[in-house]
Amino acid sequence: MKDKFFCDSNILLYAFSNQDLRKRDIASKILLNRKSIISVQVINEVSNIMLKN
């Protein structure tokens with residue numbers, strides 16, 4: 001059985017970024033993987049960053 005992996009805030013930020021399309025595509029694929037895990041802390045951190053910009 002393969003282990004799950006943790007996504008940090010950078011992966012989420014890249015998924016919503018328009019600056020580097022290659023990184024955005026890779027981040028989106030990672031987030032769509034059923035083995036990835038995102039914590040509430042990471043979601044809060046990303047929302048905080050996105051609201052400031």
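Just checking: which of the helices (runs of 4 or more DSSP H) contained wholly in the chain hold 3 or more residues that are among the basic types (Lys, Arg)?
Values: elements: 9-16, 21-32, 40-52.
Qualifying helices (runs of 4 or more DSSP H): 21-32.
In the range 5-28, which residues are among the basic types (Lys, Arg) and surrounded by 11 or more Cβ atoms within 10 Å (Cβ to Cβ)?
Lys23, Arg24, listed by residue number.
Quick check on the range 7-18. Is at least one of its residues of a type outside the set (A, V, I, L, M, F, W, C) and more than 11 Å from the chain's Cα centre (by Cα)? Explain how you work it out, then say what you get.
Step one: of the range 7-18, the residues of a type outside the set (A, V, I, L, M, F, W, C) are 8-10, 14, 17-18.
Restricting the remaining residues to those that are more than 11 Å from the chain's Cα centre (by Cα) gives 18.
Taking every residue of the range 7-18 in turn, at least one turns out to be of a type outside the set (A, V, I, L, M, F, W, C) and more than 11 Å from the chain's Cα centre (by Cα).
Only the coordinates and a few stated rules stand behind these numbers; no lab work does. Everything quoted here is computed from the prediction, not taken from an experiment. Every residue, glycine among them, receives a Cβ derived from its backbone with ideal geometry; neighbour counts consider all protein chains shown.
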